[in-house]
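The values are calculated or read from the model by the stated rules, or taken from the named source; none is laboratory data. The structure displayed is predicted, hence computed values, not measured ones. Every residue, glycine as well, gets a Cβ built from its backbone with ideal geometry; the counts of neighbours run over all protein chains shown.
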Amino acid sequence: MIQHLIFDFGNVIIRFDPEYIVSQTVSDPEEHKLLTDAIFEQKRFESYDIGLFSPEEHKAHTRALLPKALHEKSDHILDTWYKHLPVTKGMDKIVRDAKAAGYGVYILSNINREFLENRHKVEVLSLFDGARFSSQIHHIKPDPVIYQSLLDEYSLKPEECLFIDDRQVNINGGEALGIKGYLFDGDAGKLREFINTHKEMAYKI
């Protein structure tokens, strides 16, 4: 039976939207595009999530892509982006209800060192029994190392876990280790229905 729920963080528990994050600092469309492209460039941001360089190094890399007039704004966004992560509608209640019902609840996410250092400021994370982040172990999903790290850290059996992520490739990574998966589409109600009706779930919420 499934007794533990493992959640991705970005676009499952919270909405991670680079354009929204940048819009909290700048409104000019040209500046907005330049900053979004520079800060959240995919391959470099993945390397940042792995923990290959520090927050200050990421700032320096980003500045190098921008005109000097945008350096201060870029630094500000990188210093405050974790404050602009609205909770996905209904997901905080699902976590609370799941925990009250008897499930262990955990986070497994590709997250950089800057977020890691400020995670205590993100209120929703206080709901969870534990978490593992990519920058702690220098591997990102769907690398099996990151899933195994969570299982080992909290003595979890893969067959007793359901992993909830918004990307099929990450679901596949967990399933390779025997962790059942649920592909999240942003609808908390559908997830609740799955938990309450699937025959392998230990508790209803």
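Worth pointing out:
- Any hit, the range 170-180, residues being without any contact (Cβ under 8 Å) to a residue 24 or more places away in the chain and closer than 24 Å to Ser47 by Cβ: yes
- Among (1) in contact (Cβ under 8 Å) with a residue 60 or more places away in the chain; (2) farther than 19 Å from Asp49 by Cβ, the one test that Lys99 misses: (1)
- Taken over the range 187-204, residues that are touching a residue at least 12 places away in the same chain (Cβ under 8 Å), surrounded by 12 or more Cβ atoms within 10 Å (Cβ to Cβ) and under 23 Å from the mean Cα position of the chain (by Cα) amount to 5.
- Taking the range 122-141 as the range and being in contact with a helix residue (DSSP H, G or I) (Cβ under 7 Å, 6 or more places away or on another chain) and not hydrophobic (A, V, I, L, M, F, W, C) as the test, the residues that pass are Gly130, Arg132, Ser134, Ser135, Gln136, His138, His139, Lys141.
- Listed by position, the strands (runs of 3 or more DSSP E) enclosed by the range 48-166 include none that has at least 3 residues that are in contact with an Asp or Glu (Cβ under 8 Å, 6 or more places away or on another chain) and over 14 Å from Ile13 (Cα atoms).
- Which numbered condition Lys59 misses (of (1) touching a helix residue (DSSP H, G or I) at 6+ places or on another chain (Cβ under 8 Å); (2) assigned by TED's automatic domain parsing to the domain that holds Gly186): (2)
- Each residue in the range 24-47 was checked for being assigned to a loop (DSSP other than H, G, I, E, B) and touching a residue at least 12 places away in the same chain (Cβ under 8 Å), and 5 pass.
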